[in-house]
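The values are calculated or read from the model by the stated rules, or taken from the named source; none is laboratory data. What you are looking at is a predicted structure, and each value in this text was computed from that prediction instead of being measured. Positions of Cβ are generated from backbone atoms using ideal geometry, with glycine treated the same way; all protein chains shown enter the neighbour counts.
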Amino acid sequence: MSVSAYTPPPNGYRTFFETGKKETEWLGQSFQTEERYREYRECGFDELLIAGEDRYTGEDFIGSKTEQLMNLALKTDLKAIVYDERILSLTVNAKYNIVGELFDTQEALNAFVADCMKDYKEHQAFQGVSIIDEPIYSKQGALEEIAIAIKTACPTATIHTCLLPYMHEHEYCVRSFGEGYEDDFASFSGYLEKLSKPVGYVHYDRYPFNKWYGKYDLTKAHFRVMQEAAWTAQRIHLPFWITGQTYGQAYEDATRPVDEHDLLWQANLFLGFGVRKVYWYTYWRFTTRKNLASEATAVMDDDGTRMIYDEVQRTNAYMQKLAEHVYEYDYEASQLLTKDGKGNEATLCLIEKDLGLFANYRVDAPVLVNKLNKDGNVAYMIMNARDSAEKVVNRVSLAFANETKRLTALCSGDKMEIPVENNRVELCLMPGEAIWILKAE
C-alpha cells in the first residue's frame, strides 16, 4: 500500500503571510539532505511530493534543484512527483479550458507538455507531475486536456492532484461542485466523478479533528463523505485515495494536537472504506502564521525536530499489516451500533443498515461496523467511533446472529483466533481501535 505525505523536508526557508505580505525567515540549514530524505522514507513513505518552493521552471535540468531532489529520492528509494510551474500554471490560469484559452489545439498543448517533461521523465525516480490543488468543478475541461497531454508524453506518469473536500454547507457545495444535483452529497459525488476520471483515481482531503470555541469536536458527516467517495470510486472503476490529518489545526489559531489514537482512528477508516493510497498532511509543519500556537502538530517541526514521527511511523506500519489481509477489499455498507441511538458529529447522515451479523449488542458509545468484500471474501471492521480525544475505552458486547464458536480476526494488525463463548464476544476497544473479523465460524 502506497503512503506519502505533504510536504517533504524543506530548503530551510520559512515563509509567513501573516501581514498580507510575504516574509521569509532562514532557519539556519537546509533539510534537503540524504539523511533527512532517508528519515522520511523510514517513516513509511514511498513517494515524495516536490514542493512549490522548489518548482521547476524550465532551466537546464542537469544541475537543477529538481534534479538534485530527484537524485536524493533515488538514493533513498523514493519516487518523486515533480512540481513543474509551466505545467501547473496552465490548469491554474485556465478558467475552463486550456485549449482555446491558452493553446489553439490539443496537439499544440501536447507538444508543449512533452517538451516540458522531456528531461525529468527519464529520471529513475520520476513518478509523475503535479497539476493543481483542489480545483473547482469548472476546471474539468482543463484537467481532461492536461491529462491527455501528460499521458501522451509519458503514459505511466501519475497526474497528481487532490480534489476539494466536502463541507456541510450548501452554498460551498454549489460554488465548488456545481448546481443541478438532488442534494449536496450527490453534488460531491458528481464533482468527484467528473474530475477524477481524467487523472485516474478519486482523491480528496478532509480532516476530522477540530477545536471549536475551546471544545474538541469531529468534522460533521465524516463517515458519510467517505461512503460517498468509496461508492463513487467503485461506480467509475477507479481507486480511492485520501489525505488524512497529522496537522493540529483548527479555527482562529486554536489547535487540537493530533496523537497516535487520532492516527489509528483514521487508519482504520482508510482501510475500512477501501482506500488504496494514503497521504498525510503534513510531514513538515510549515507554520505560515507567527501567532499559530506552538503545539500545532505535524510529523516534523519547523526546525527539524520530531513531533509525532514515531506515532506516524507506527501507524504507517499498522496500515501495511492490515493491507496484507484487506487491501483491495471494496467497501459495501455500514451499520452504526449506538447506545440510546446517540451518534456523534462524524456519524451524521451515515447511510446504514443491519448487516445481519449480530442478533443484539451493547456498547458504551458509537461503534462503526463496515462490511467489505473482495471476490466473495467478506471482512468486517468493528471500530470505536467515539472521538479519540475522549481517551475512553468503549466496551462492546456482540451476540452473533448465527452460531459462532470462533473468530479469525485482526487485532492490532495481527491475525489471531478469538474464541466465542455462548455466541457472544466481549471487546474493549481503545480510542481509535478496530477489530477486523475475517471469518466467523
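The table that follows gives values for the structure above.
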{"quantity": "Condition check for G141: assigned to a helix (DSSP H, G or I), more than 21 Å from I87 (Cβ to Cβ) and not assigned by TED's automatic domain parsing to the domain that holds S388", "calculated": "no"}
{"quantity": "Single residue of A186, A230 found to be among the aliphatic types (A, V, I, L, M), assigned to a helix (DSSP H, G or I) and under 14 Å from the mean Cα position of the chain (by Cα)", "calculated": "A230"}
{"quantity": "Any hit, region 82-96, residues being among the aliphatic types (A, V, I, L, M), closer than 19 Å to D302 by Cα and in contact (Cβ under 8 Å) with a residue 24 or more places away in the chain", "calculated": "no"}
{"quantity": "The one condition in (1) surrounded by fewer than 23 Cβ atoms within 10 Å (Cβ to Cβ); (2) of a type outside the set (K, R); (3) over 29 Å from E107 (Cα atoms) that F188 fails to fulfil", "calculated": "(1)"}
{"quantity": "Which listed residue, of I159, I146, I150, I136, is out of contact with any Cys (no Cβ under 9 Å at 6 or more places or on another chain) and surrounded by fewer than 19 Cβ atoms within 10 Å (Cβ to Cβ)", "calculated": "I136"}
{"quantity": "Enumeration of residues in region 33-61 that are surrounded by 18 or more Cβ atoms within 10 Å (Cβ to Cβ), part of a loop (DSSP other than H, G, I, E, B) and modelled with pLDDT of 95 or more", "calculated": "C43, G44, F45, I50"}
{"quantity": "Residues of region 415-438 satisfying the condition of being loosely packed, with under 14 Cβ neighbours inside 10 Å and either in contact with a Cys (Cβ under 8 Å, 6 or more places away or on another chain) or part of a strand (DSSP E or B) (or both)", "calculated": "K415, M416, E417, P419, E421, E426, C428"}
{"quantity": "Residue selected from region 80-121 under the condition charged (D, E, K, R) and out of contact with any Phe, Trp or Tyr (no Cβ under 9 Å at 6 or more places or on another chain), by the criterion surrounded by the most Cβ atoms within 10 Å (Cβ to Cβ)", "calculated": "K121"}
{"quantity": "Residues located in region 337-379, provided they are within 22 Å of L263 (Cβ to Cβ) and either assigned to a strand (DSSP E or B) or in the same structural domain as H222 (by TED's automatic domain parsing) (or both)", "calculated": "V367, L368, V369, N370, L372, A379"}
